[in-house]
């Protein structure tokens, strides 16, 4: 893994928030690297998975603190970049799809204009180019009548369409890395399949790197290539996604066992017994 | 004791060209003491059926017989003693300025119980919370603890039938397991009848004996849990839901 060129290398990433009772560590010493692959990050709410995603874009609001030994995008150090330089990276080279389209789209601007804006902020070109690109992206995310959706406002769309529009917008500038934070948890299962396959295709065809943040273990194990399992701000285990069901760490095992399963009925579900030691243990790095 | 029998239920919202038929000619039967699931995607009308039973939607037609009572437009206080509902979002269904004690005592008082003090502590014990939580406010509770309070509130009038509207969809899987176990235990102890709505087929498969699959307001299939596990379905849509719930399959989604 190490000799191959990675899109992203993260070493010892910390996210901290000052509170009345001292610093609170939301992410504690996480290290990983991302190639042209689908990397899943799973964990419960509060485990720091979304914070990790945001920290990669340095989108942690003050007074929050982001620290890392190394955070390299194709060998370029992102920690030393100024806010202005970061703005050039956000959206263009690394973009992020948030969980809920309802809160992430501007309600008073048409979808088409929003996608055009995302594109023309980063690419020089005429308005006609931007429009053509927006239409192309809407088609790429399998929206049936892009002409109509282009003129529509966010409230005129269903959740699934909204989410696809978000993806279209994020992909318009052709990013190298897409961070998707629970992109499908607000969607119905059938739409979820479509949204996933769009992202899947982009990884396969464009060689994009995808960080897929989710709490759905089944989904991650079938969709991703590799998985990081987070607990209390640390990575407790990493494994190949299709081997997730053979995971060894007691936390991962506990999560898996607490899931009801159609194929393996049982009378009672196992309840996760938490161990204080998991909280204190060192973060596992994924260098294999 | 009797369960739930619904025949030809129609529910609609709005009128004129804004009319939406949310539930179309739905019929189902839940014998007393059993557990019945309703699954479907958002907007398929599954929650609307529960809300119609509870008298929370104004316009409906058809026949609903719940806990031995033929339902008309109005619900009597006696009805709510027999039938209670647990809502989806424990963050929204508890009053933020009422302590757990207030929530439960008020419910008990309104239903005309005596010995309220003892009953509140018994209810808290029953849902696994204990006395420490009695004087807390919702913001001092985790999501799972809040849902336990919501369940305690539903159990307060000692109902026969519980309507569960996605009771665990806002919770983490480990907490979901605790709440589902609690619901299974309570049903065994109190011989409750459950009617449960969920979009998660595995959850419904764990909890229920029979499952109705809904699509666009219609019940397309009623299937036993054994047949569901064996993928033995008659309707294409049920099959599609089952496949999708198993996770992501690389080529299926591209169609």
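Out of A:204, A:117, which single residue is closer than 27 Å to residue A:71 by Cβ and either surrounded by fewer than 20 Cβ atoms within 10 Å (Cβ to Cβ) or out of contact with any helix residue (DSSP H, G or I) (no Cβ under 7 Å at 6 or more places or on another chain) (or both)? After applying the criteria, what remains is A:204. When A:34, A:39, A:8 are screened for being more than 24 Å from residue A:252 (Cα to Cα) and either in contact (Cβ under 8 Å) with a residue 40 or more places away in the chain or crowded, with 20+ Cβ neighbours inside 10 Å (or both), only A:8 passes.
For segment A:149-162, indicate whether the set of residues that are within 14 Å of chain B (Cβ to nearest Cβ), free of Cβ contacts under 8 Å to residues at least 40 places away in the same chain and assigned to a loop (DSSP other than H, G, I, E, B) is non-empty. Yes, the conditions are met somewhere in segment A:149-162. Scanning segment A:169-197 for residues that are in a helix (DSSP H, G or I) and at the interface with chain B (Cβ under 9 Å from one of its Cβ atoms) gives A:189, A:190, A:191, A:192, A:193, A:194, A:195, A:196, A:197. If you go through segment A:130-141 one residue at a time, do you hit one that is at pLDDT below 90 and either in a loop (DSSP other than H, G, I, E, B) or in contact with a strand residue (DSSP E or B) (Cβ under 8 Å, 6 or more places away or on another chain) (or both)? Yes: one or more hits. Does residue B:244 satisfy being within 18 Å of the chain's Cα centre (by Cα) and either under 28 Å from residue B:12 (Cα atoms) or at the interface with chain A (Cβ under 9 Å from one of its Cβ atoms) (or both)? For residue B:244, the condition - within 18 Å of the chain's Cα centre (by Cα) and either under 28 Å from residue B:12 (Cα atoms) or at the interface with chain A (Cβ under 9 Å from one of its Cβ atoms) (or both) - is not met. Is segment B:159-166 home to any residue that is more than 15 Å from residue B:80 (Cβ to Cβ), away from chain A (no Cβ under 14 Å) and in contact with a strand residue (DSSP E or B) (Cβ under 6 Å, 6 or more places away or on another chain)? The answer is yes; a qualifying residue exists. Does residue A:55 satisfy the condition of being in contact with a helix residue (DSSP H, G or I) (Cβ under 6 Å, 6 or more places away or on another chain) and either surrounded by fewer than 23 Cβ atoms within 10 Å (Cβ to Cβ) or farther than 14 Å from residue A:180 by Cβ (or both)? Answer is no for this residue. Please verify whether residue B:239 is more than 10 Å from chain A (Cβ to nearest Cβ), surrounded by 20 or more Cβ atoms within 10 Å (Cβ to Cβ), modelled with pLDDT of 90 or more and out of contact with any strand residue (DSSP E or B) (no Cβ under 8 Å at 6 or more places or on another chain), treating the condition exactly as stated. So residue B:239 does not fit the description; no. When segment A:122-139 is limited to residues that are touching a helix residue (DSSP H, G or I) at 6+ places or on another chain (Cβ under 7 Å) and surrounded by fewer than 20 Cβ atoms within 10 Å (Cβ to Cβ), the one that is farthest from residue A:100 (Cα to Cα) turns out to be A:131. Which of (1) surrounded by 20 or more Cβ atoms within 10 Å (Cβ to Cβ); (2) over 15 Å from residue A:179 (Cα atoms) is the odd one out, the single condition residue A:253 does not satisfy? Status for residue A:253: all satisfied but (1).
Taking (1) modelled with pLDDT of 90 or more; (2) more than 18 Å from the chain's Cα centre (by Cα) in turn, residue A:231 satisfies each apart from (2).
The values are calculated or read from the model by the stated rules, or taken from the named source; none is laboratory data. If you're wondering where the values come from, they're calculated on a predicted model, not measured in any experiment. Neighbour counts are summed over all protein chains in view; Cβ atoms, including those assigned to glycine, are modelled from backbone coordinates with ideal geometry.
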